[in-house]
Amino acid sequence: MEKPLADLRENYGQKELLEENCPNDPILFFDQWLNEALETIEIDANAMTIVTVNAAGQPSARTVLLKAVTDGQFLFFTHYTGRKGIEISENNKVAILFWWKELERQVRIEGTAERISRERSEAYFHTRPKGSQIGAVASPQSQVITREALLDNFRKYEELFKTAEQVPLPENWGGYAVTPTLIEFWQGRPNRLHDRIQYTRNADHSWKIERLAP
């Protein structure tokens with residue numbers, strides 16, 4: 001390693017995060033930050049790390065794409081029979097992290113995940129490129145497989161659906177909606193005195209707003 005990891009650091013200072021500039025609704029605040037990210041970051045500004053926990057308490061994390069924020073929920077799509085789908089069925093408490101380095105910002109979310117309706121999943125599925133639809137059918141997500149077998153699966157379904165108007169939605173694929181119980185907004189600041197504003201959902205569905213020490 002050419003440079004010791006301990007020597008790597010950034011002194012952030014683009015912006016600040018003050019309580020008087022934070023709306024009462026964290027979803028509105030998130031929309032503001034997401035729009036800024038979409039305007040600033042060329043690729044995958046909607047990428048998020050989602051953490052699930054299995055029945056034994058073992059967490060696992062991976063990056064997926066946020067596909068909508070509607071009715072106060074965060075939507076993403078995946079295989080129900082992959083690792084994250086199985087773990088959500090065992091324990092539907094999840095955590096989400098957005099990291100926007102270009103803006104020196106991150107958003108941390110805790111909440112619960114539930115499947116959305118098949119009709120909503122199907123509507124989104126058929127907006128995807130046909131190759132992506134076939135890939136969802138061909139991939140036994142999270143199962144051990146050779147690259148050759150995966151490509152053979154893809155070619156098989158590519159031939160099967162070559163003349164089809166649309167690829168049928170697989171039974172094991174669809175969307176999840178994450179309902180947040182906690183949302184934290186983090187803005188990098190000089191000298192590691194970062195701004196952290198946390199929203200916690202109250203029993204009446206209002207939000208408590210607090211500043212956290214960095």
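Taking only the C-alpha atoms, wrap a convex hull around the chain and report its volume per residue in Å³ as a whole number. Don't skip to the end; give the middle numbers.
Values: hull volume 38.5 nm³, N = 214.
Taking only Cα atoms, the chain has a hull volume of 180 Å³ per residue.
Please compute the net charge surrounding TYR12, taking Lys and Arg as +1 and Asp and Glu as -1 over other residues with Cβ under 11 Å from its Cβ. Present the calculation step by step, with values, prior to reporting the outcome.
Numbers: positive: ARG9, LYS15, LYS101, ARG105, ARG189, ARG192; negative: GLU10, GLU16, GLU104, ASP195.
Around TYR12, the charge tally is +2.
If you look at just the Cα atoms of region 1-82, how large are its Rg and its Dmax in Å?
My reading of the Cα-based Rg and Dmax gives 17.3, 48 Å.
Which one, ALA164, ALA113, ALA138, has the greatest fluctuation when you compute a Gaussian network model over the chain with C-alpha springs under 10 angstrom?
Per the Cα network of the chain with a 10 Å cutoff, ALA164 tops the list.
Take the alpha-carbon positions of region 127-168, form their convex hull, and give its projected area averaged over all directions (one quarter of the hull surface) in nm².
Numbers: hull surface 12.2 nm².
Directional mean of the projected Cα hull area for region 127-168 stands at 3.0 nm².
Give me the net charge of ASP195's neighbourhood, meaning all other residues with Cβ under 14 Å from the Cβ of ASP195; Lys, Arg count +1, Asp, Glu -1. Working shown, then result.
On the way: positive: LYS15, ARG105, ARG108, ARG189, ARG192, ARG196, ARG211; negative: GLU16, GLU19, GLU20, GLU104, GLU184, GLU210.
Around ASP195, the charge tally is +1.
To make sure I understand, if each residue's beta carbon is the centre and we count other beta carbons within 10 Å, what order do ARG9, ARG108 fall in, fewest to most? Intermediate results must be reported in sequence, preceding the final value.
Values: ARG9 8, ARG108 17.
With the fewest neighbours first, ARG9, ARG108 line up as ARG9, ARG108.
By Kyte-Doolittle mean hydropathy of at least 0.5 and Cα axial length of at least 15 Å, which whole DSSP H helices of the chain are selected? Let's see the in-between values first.
Working: long enough: 26-40 (21 Å, 0.17); 147-160 (20 Å, -1.12).
Passing helices, by number: none.
Local charge sum around GLU90 (other residues, Cβ-Cβ under 11 Å, Lys/Arg +1, Asp/Glu -1)?
Values: positive: ARG83, LYS84, LYS93; negative: GLU87.
Cβ neighbours under 11 Å give a net charge of +2.
Per DSSP H run of at least 4 residues, take -39500 (n - 2.57); add these up for the chain, divide by its residues and hand me the 222 nm value, nearest 500 deg cm²/dmol. List each step's numbers first, then the result.
Values: 5 runs with 54 residues, N = 214.
Helices in the chain give a 222 nm mean residue ellipticity of -7500 deg cm²/dmol.
Extension gain ALA164-LEU150, at 0.36 nm per residue separation less the Cα-Cα distance, in nm? Don't jump to the answer; show the numbers that get you there.
Working: separation 14, 0.36 × 14 = 5.04 nm, distance 2.13 nm.
Result for the pair: 2.9 nm of gain on full extension.
Calculate, for GLU171 and GLN143, the FRET efficiency according to 1/(1 + (r/R0)^6) with r their C-beta to C-beta distance and R0 22 Å; round to the nearest 0.05. Write down the numbers at each step before the final one.
Numbers: r = 16 Å, r/R0 = 0.72.
Efficiency, from the Cβ-Cβ distance: 0.85.
For labels at ARG83 and ARG192 in the simple 7 Å Cα→Cβ model, what's the distance in nm?
My value for the distance between the label points is 3.1 nm.
Taking the Cα centre as origin and putting +1 on Lys and Arg beta-carbons and -1 on Asp and Glu beta-carbons, what dipole magnitude results for the chain, to the nearest 20 debye? Each step should come with its number before you reach the end.
Working: 26 positive and 31 negative charges, 108 e Å.
About 520 debye.
Neighbouring Cβ atoms within 10 Å as the yardstick, rank ARG147, ARG120, ARG128 fewest first. Intermediate results must be reported in sequence, preceding the final value.
On the way: ARG147 7, ARG120 17, ARG128 14.
Ascending Cβ contact count within 10 Å gives the list ARG147, ARG128, ARG120.
Values in this text are rule-based calculations from the coordinates and carry no lab data. Please read all numbers here as calculations on a predicted model, not as lab measurements. Heads up, the Cβs are rebuilt from the backbone with ideal geometry, glycines too, and the neighbour counts pull from every protein chain shown.
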